[in-house]
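Before any comments, here is the structure.
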There are 2 protein chains.
Amino acid sequence: MTNLTTNTIEHNIRNNMLLKHGSPQFIDKICKNSHTFQVPKNHIFFLREQQAEHFYIVLHGWVKLFRESIDGNQAIIDVLTSGHIFGEGALFENMIFPYSAEAVESMQLIRLPLLSLKNEIETNPKMSLAMLKSISKHKNQKNMELEHRTLQNAPQRIGCFLLKLLPKPESKEAQDIQLPYDKTLVSSRLGMQPETFSRALSKLKKEVNLEVKGGSITVTNVEKLTLFCCSACSTIFPCGDHE
Amino acid sequence: MTNLTTNTIEHNIRNNMLLKHGSPQFIDKICKNSHTFQVPKNHIFFLREQQAEHFYIVLHGWVKLFRESIDGNQAIIDVLTSGHIFGEGALFENMIFPYSAEAVESMQLIRLPLLSLKNEIETNPKMSLAMLKSISKHKNQKNMELEHRTLQNAPQRIGCFLLKLLPKPESKEAQDIQLPYDKTLVSSRLGMQPETFSRALSKLKKEVNLEVKGGSITVTNVEKLTLFCCSACSTIFPCGDHE
């Protein structure tokens with residue numbers, strides 16, 4: 001391994017929201033047993049119900065976590081990018097992955113040994129508390145998604161997704177957004193059929209004066225968009241849910 | 001406190017899936033500082049964003065956990081009964097309740113000091129691991145709910161709710177079910193408008209030959225119901241999700 005690779009691994013582990021809580025011995029050991037690698041678009045990292053040996057930190061690109069129904073449809077669990085970890089969900093499922101993971105585009109990642117993380121959580125109270133906070137936050141995000149599926153209509157759900165992409169969440173100025181991945185995946189992420197997504201985006205465009213050009217969107221009136229989406233939500237933007 | 005009350009508290013704490021992992025000192029202390037009490041229907045235990053001092057074990061009856069949108073609609077987060085705890089969600093939210101809780105009917109409960117649980121989780125690794133498993137399980141259930149909202153239609157979601165109520169999940173025999181709470185709450189729990197619920201239940205009745213009399217439902221063909229619901233799900237019944 002080159003020094004550059006070693007530095008990348010160490011930097012990303014020490015700056016990870018969860019892993020940084022590990023003991024010096026753990027960080028030292030896990031750095032030595034981790035590797036950076038690249039994958040092309042559509043690479044399958046693992047399938048649901050496979051035995052888990054590794055988890056991953058995304059360095060560059062997007063990964064989708066999903067499950068497939070018996071009749072062959074996909075439900076997206078999450079779409080994650082740089083700084084996020086995935087695969088660690090197997091820790092409390094007897095080391096079996098509870099979802100499948102596929103590269104949305106070509107990606108750079110770090111692969112880390114899951115057993116080391118398991119041991120650290122079991123022996124270092126600081127790490128198990130950090131893990132508790134992390135899972136608890138994810139659970140709350142899931143509750144929020146379920147709330148949105150119940151109370152928000154399709155245009156409001158798209159609007160909420162856009163609000164979280166605003167480069168300056170606190171500002172009321174007009175702002176440009178680039179959709180992070182293609183519209184088909186955005187619609188799946190929001191649990192919509194592509195046709196529903198198209199219709200809902202057109203409606204949203206008229207309601208709050210968006211300018212849409214392919215994947216580029218200008219939010220001309222942030223306040224109008226916020227009012228439109230957050231009236232059907234229990235919290236008002238900026239809600240912290242976008243962090 | 002009578003001996004009977006003391007015994008009830010100790011029995012329920014020692015048999016609780018989470019609390020039983022506490023140290024003898026913790027169990028002893030929390031038993032002494034907990035109380036049984038009764039509330040009438042519609043009693044509000046706490047509102048979202050209130051400071052949390054207690055959490056609760058349900059002894060009898062049903063409680064709904066919910067959030068309200070700014071325009072006044074409710075999203076149900078969970079509906080829980082005997083043996084379940086609630087209010088502990090504030091532990092990782094700076095001791096602020098992340099949802100409101102209301103009695104669906106008259107209820108009997110134990111009220112316990114939340115700070116004691118917080119201290120135990122922070123100092124007893126066995127307890128923090130038990131909490132990790134518990135939250136992880138809840139998170140997976142939320143993922144499953146989101147999957148169902150995406151892939152199952154309304155009749156399938158009602159069917160899935162009924163499957164989880166079967167007294168003999170492994171048996172293919174015809175079985176009787178009693179809805180645990182009124183149909184309006186069942187429809188909210190499933191994220192449906194009452195009209196959608198009624199239409200979907202009628203459709204399900206025809207598809208899989210249910211006999212419905214008010215809140216009493218006979219599933220005449222368990223296999224047909226399973227096939228109908230689970231074809232649009234990533235797991236097949238009995239899936240463990242009903243435990």
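If you filter segment A:161-176 down to residues that are surrounded by 14 or more Cβ atoms within 10 Å (Cβ to Cβ) and farther than 18 Å from A:G214 by Cα, you find that the one that is modelled with the highest pLDDT is A:K164.
For B:N94, the criteria (1) without any contact (Cβ under 8 Å) to a residue 24 or more places away in the chain; (2) not assigned by TED's automatic domain parsing to the domain that holds B:Y56 hold in every case but one, which is (2). Go through segment B:33-54 residue by residue and tally those that are surrounded by 14 or more Cβ atoms within 10 Å (Cβ to Cβ), within 14 Å of chain A (Cβ to nearest Cβ) and either of a type in the set (A, V, I, L, M) or in a strand (DSSP E or B) (or both). Total meeting the criteria: 1. Any chance segment B:65-78 includes a residue that's more than 14 Å from chain A (Cβ to nearest Cβ) and not basic (K, R)? The answer is no; no qualifying residue exists.
Among the residues of segment B:115-138, is any under 30 Å from B:L201 (Cβ atoms) and polar (S, T, N, Q)? The answer is no; no qualifying residue exists. Within segment B:21-62, the set of residues being of a type in the set (D, E, K, R) and touching a residue at least 12 places away in the same chain (Cβ under 8 Å) comprises B:K29, B:K41, B:R48, B:E49, B:E53.
Can you tell me which residue is farthest from A:H138 (Cα to Cα) among those in segment A:6-31 that are surrounded by 14 or more Cβ atoms within 10 Å (Cβ to Cβ) and polar (S, T, N, Q)? The residue in question is A:T6. When segment A:55-64 is filtered for residues that are surrounded by fewer than 19 Cβ atoms within 10 Å (Cβ to Cβ) and of a type in the set (A, V, I, L, M), only A:L59 remains. Looking across segment A:70-82, the residues that are part of a loop (DSSP other than H, G, I, E, B) and touching a residue at least 12 places away in the same chain (Cβ under 8 Å) come down to A:T81, A:S82. The residue that is nearest to the chain's Cα centre (by Cα), among those in segment B:140-192 that are β-branched (V, I, T) and more than 9 Å from chain A (Cβ to nearest Cβ), is B:V186. The numbered conditions (1) of a type in the set (D, E, K, R); (2) surrounded by 18 or more Cβ atoms within 10 Å (Cβ to Cβ); (3) in contact (Cβ under 8 Å) with a residue 40 or more places away in the chain are all true for B:R67 except (3).
Mind counting the residues in segment B:61-88 that are more than 21 Å from A:Q141 (Cβ to Cβ) and of a type in the set (F, W, Y)? Residues that pass the stated criteria total 1.
Yes/no matrix, rows are residues, columns are (1) under 25 Å from B:A103 (Cβ atoms); (2) surrounded by fewer than 21 Cβ atoms within 10 Å (Cβ to Cβ):
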| position | (1), (2) |
| --- | --- |
| B:A130 | no, yes |
| B:H148 | no, no |
| B:T184 | yes, yes |
| B:M192 | yes, yes |
| B:T196 | no, yes |
| B:K203 | no, yes |
| B:L210 | no, no |
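In the condition set (1) touching a Leu at 6+ places or on another chain (Cβ under 8 Å); (2) outside any loop (DSSP other than H, G, I, E, B); (3) farther than 27 Å from B:R157 by Cα, A:K206 is compliant with all but (1). Restricting B:T123, B:T81 to residues that are touching a Pro at 6+ places or on another chain (Cβ under 9 Å), of a type in the set (V, I, T) and within 14 Å of another protein chain (Cβ to nearest Cβ) narrows the list to B:T123. In segment A:11-18 there is no residue that is touching a Leu at 6+ places or on another chain (Cβ under 9 Å), closer than 22 Å to B:I135 by Cα and free of Cβ contacts under 8 Å to residues at least 60 places away in the same chain.
Taken across segment A:213-236, residues that are closer than 15 Å to A:P169 by Cβ, within 14 Å of chain B (Cβ to nearest Cβ), surrounded by 16 or more Cβ atoms within 10 Å (Cβ to Cβ) and at pLDDT below 95 do occur, with at least one present.
On the stretch given as segment A:24-50, residues that are within 22 Å of the chain's Cα centre (by Cα) and either of a type in the set (V, I, T) or not assigned by TED's automatic domain parsing to the domain that holds A:P113 (or both) total 3.
The values are calculated or read from the model by the stated rules, or taken from the named source; none is laboratory data. Remember, it's a predicted structure, so these values are computed and weren't measured experimentally. So basically every Cβ, Gly included, is an ideal-geometry build from the backbone, and we count neighbours across all protein chains shown.
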